[in-house]
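The values are calculated or read from the model by the stated rules, or taken from the named source; none is laboratory data. The structure presented is a predicted model; accordingly, all values stated were derived computationally and were not measured. All Cβ positions, even for glycine, are placed from backbone atoms using ideal geometry, and neighbour counts span all protein chains on display.
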Amino acid sequence: MITYRGQAAIRLTVNGEVREVVVRPADTLLHVLRDRFGLTGAKAGCENGDCGACTVLLDGKPVKSCMVLAVEAEGSGITTIEGLRDTPVQRGFLEQAGFQCGFCTSGFIVNAHALLQTHPRPDRETIRDWLESNLCRCTGYEGIEKAIAAAAGPRE
Amino acid sequence: MIAHNLVYHRPETIGEALGAFAGAEAEGLKPYYLAGGTEITTFSRRGLITPGALIDLKTIPECRVLTRREGSAVFGAGLTLNEVGECPFFPLLSEAAGIVDHTVRNRLTLGGNIAGMLPYRETVLPFLLTDTAARLAGPGGEREVPLADIFSRRLKLKPGEFLVQLRVPEAEAGLPWFRRRRVKQSRLDYPLLTICALAARDGIRLALSGVFDSPVRSPEVEAVLNDRSLEPARRAETAAAAFGLRARDDQRGSAQYREMLLLRGLEETIRELGGEG
Ligand SMILES: Cc1cc2nc3c(=O)[nH]c(=O)nc-3n(C[C@H](O)[C@H](O)[C@H](O)COP(=O)(O)OP(=O)(O)OC[C@H]3O[C@@H](n4cnc5c(N)ncnc54)[C@H](O)[C@@H]3O)c2cc1C
Ligand code: FES
Ligand code: FES
């Protein structure tokens, strides 16, 4: 059995790199990514599971890192927005102007990237099911939808 | 940020989990079993709970089981709602697991939803409609009991006990079903009404959440729902009254509105499950 108390040294695999870090067991993955690793792409929005601004991938699946403890992520591959480079979804957001203030953008991109990795040609229903996990307060979603449609192949 | 400190345990076996729970209590630390953590992390951040120790059940193999054996479908308490939703063993349960959003469903577990503190516990409804057996582990050892014996408004476990698995007879898991979920605005809202129903040989079985303070299945209500001497509309009306409970009244919906949704939901259930004849 693994036990962590006080200040615990753990190893996390972030964007393909194994990194050692000292955390409190109560620290959320979101705060460790931002405050210990300086990976500030994942945002602290609601910290309540509602907005999706904190979305990262754990073993390729999107999760809300405000509701995951860093110690729980040990042994999993963590991908943040900083680990995505020039992906079709990122290009789609640029070309289709899928953002305004940008606060929600990394969460959307990370989630949409996982969506397209899982369903390369998603139908409307699948896109809706995945993307309702993220909120945007600026764009009205049109640009975001266009960005994802541009990144996706023809529909399933 | 979670302000208070806590100890985190990741046991590999049921025995280790029980040992960690007892050990934390002996140290004077308030232990909580941890599953998807969606409730524990958010409630801790807001200071609503202050766990001294978390015992993570997610990596215990028995809690991750998803199989059919000896005429039953077995669901580990540590399965995520997406895993349950994608599983064809119990179609009504797969549908009921479609709550919250896709990303949260990658973490939120069956056990956490059923044992959680919020009053909705929507994934318990399909289990309440069947002869589900709950496998529990606790300081006194492991036991298997009918879920109906330990779920009354909420899951009633002995101190230190946790839910390991739920076992559903396959014959019941395959029954024709109906589900209706009503919300105030977005599909992601907490429900004003969630009805789950099965059409069994002996008639319609129905359980619901959202209308009252906790999930409920009532034999009195089902007796009325299946009383074919009454017209369907009259049956729905009498069944709604037979709950004998006060509807919730809050900013999501008034009691009157919930009662109206309940009546419509009961009418639809009778219609959809062929109870009109
Ligand atoms: C944004 C959001 C929206 C939601 N909307 C809904 C909704 O509409 N309907 C609905 O029903 N739910 C909804 N929920 C889910 C619900 O409120 C809880 O958050 C969730 O069910 C907890 O599951 P978990 O696996 O994350 O549990 P955790 O947070 O890990 O644990 C919750 C509680 O259950 C206990 N526990 C966990 N597993 C076990 C076990 N195996 N045996 C005994 N005790 C255990 C823990 O000790 C703790 O007390 C929503 C959650 C979020 C975050
Ligand atoms: S910050 Fe995590 S969901 Fe809003
Ligand atoms: S671009 Fe501002 S919140 Fe989405």
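Counting only strands (runs of 3 or more DSSP E) that fall entirely inside region B:171-277 and contain at least 1 residues that are out of contact with any Asp or Glu (no Cβ under 9 Å at 6 or more places or on another chain) and more than 18 Å from B:Leu129 (Cα to Cα), the qualifying elements are B:177-182. Which of the residues belonging to region B:64-84 are touching a helix residue (DSSP H, G or I) at 6+ places or on another chain (Cβ under 7 Å) and either among the aromatic types (Phe, Trp, Tyr) or surrounded by 18 or more Cβ atoms within 10 Å (Cβ to Cβ) (or both)? Residues satisfying the conditions are B:Ser72, B:Ala73, B:Phe75, B:Gly76, B:Ala77, B:Gly78, B:Leu79, B:Thr80, B:Leu81, B:Asn82, B:Val84.
Being in the same structural domain as B:His102 (by TED's automatic domain parsing) and at pLDDT below 95 holds for only one residue in B:Arg153, B:Arg228, and it is B:Arg153.
Taken across region B:252-274, residues that are surrounded by fewer than 19 Cβ atoms within 10 Å (Cβ to Cβ), modelled with pLDDT under 95 and among the hydrophobic types (A, V, I, L, M, F, W, C) do not occur at all. Residues that are facing chain A (nearest Cβ under 9 Å) and either in contact with a Phe, Trp or Tyr (Cβ under 6 Å, 6 or more places away or on another chain) or surrounded by fewer than 20 Cβ atoms within 10 Å (Cβ to Cβ) (or both) within region B:24-39 are absent altogether. Condition check for B:Thr67 on (1) within 19 Å of B:Pro159 (Cβ to Cβ); (2) free of Cβ contacts under 8 Å to residues at least 12 places away in the same chain; (3) more than 9 Å from chain A (Cβ to nearest Cβ): one failure, at (1).
Look through region A:45-55, keep the residues that are facing another protein chain (nearest Cβ under 10 Å) and more than 13 Å from B:Thr42 (Cβ to Cβ), and return whichever of them is farthest from ligand 2 (Cβ to nearest atom). Per the stated criteria, the residue is A:Thr55.
Within region B:1-23, the set of residues being more than 7 Å from chain A (Cβ to nearest Cβ) and assigned to a loop (DSSP other than H, G, I, E, B) comprises B:Ala3, B:Thr13. Every residue in region B:147-159 that is closer than 25 Å to B:Gly15 by Cβ and more than 10 Å from ligand 1 (Cβ to nearest atom), please. Selection gives B:Leu147, B:Asp149, B:Ile150, B:Lys156, B:Lys158, B:Pro159.
On the given criteria, is B:Leu54 within 8 Å of chain A (Cβ to nearest Cβ), under 19 Å from A:Glu72 (Cα atoms), free of Cβ contacts under 8 Å to residues at least 60 places away in the same chain and in contact with a Phe, Trp or Tyr (Cβ under 6 Å, 6 or more places away or on another chain)? It is true that B:Leu54 is within 8 Å of chain A (Cβ to nearest Cβ), under 19 Å from A:Glu72 (Cα atoms), free of Cβ contacts under 8 Å to residues at least 60 places away in the same chain and in contact with a Phe, Trp or Tyr (Cβ under 6 Å, 6 or more places away or on another chain). Looking only at region A:57-103, count every residue that is without any contact (Cβ under 8 Å) to a residue 60 or more places away in the chain, aliphatic (A, V, I, L, M) and facing chain B (nearest Cβ under 10 Å) and tell me the total. Final tally of qualifying residues: 6. Once region B:149-170 is narrowed to residues that are in a helix (DSSP H, G or I) and touching a strand residue (DSSP E or B) at 6+ places or on another chain (Cβ under 7 Å), the residue that is surrounded by the most Cβ atoms within 10 Å (Cβ to Cβ) is B:Ile150. Taking the criterion of being within 11 Å of another protein chain (Cβ to nearest Cβ) and away from ligand 3 (no atom under 16 Å from the Cβ), the residues of region A:33-44 that qualify are A:Arg34, A:Asp35. Note on region A:142-156: residues that are surrounded by fewer than 16 Cβ atoms within 10 Å (Cβ to Cβ) and part of a loop (DSSP other than H, G, I, E, B) amount to 4. Taken together, the criteria place A:Glu132 among residues that are of a type outside the set (A, V, I, L, M), within 13 Å of chain B (Cβ to nearest Cβ) and under 16 Å from the mean Cα position of the chain (by Cα). For region B:219-234, the set of residues classified as of a type in the set (S, T, N, Q) and free of Cβ contacts under 8 Å to residues at least 40 places away in the same chain consists of B:Ser229 only.
Only one of the listed residues (B:Gly28, B:Gly36) is part of a loop (DSSP other than H, G, I, E, B), within 16 Å of ligand 2 (Cβ to nearest atom) and at pLDDT 95 or above. That residue is B:Gly36.
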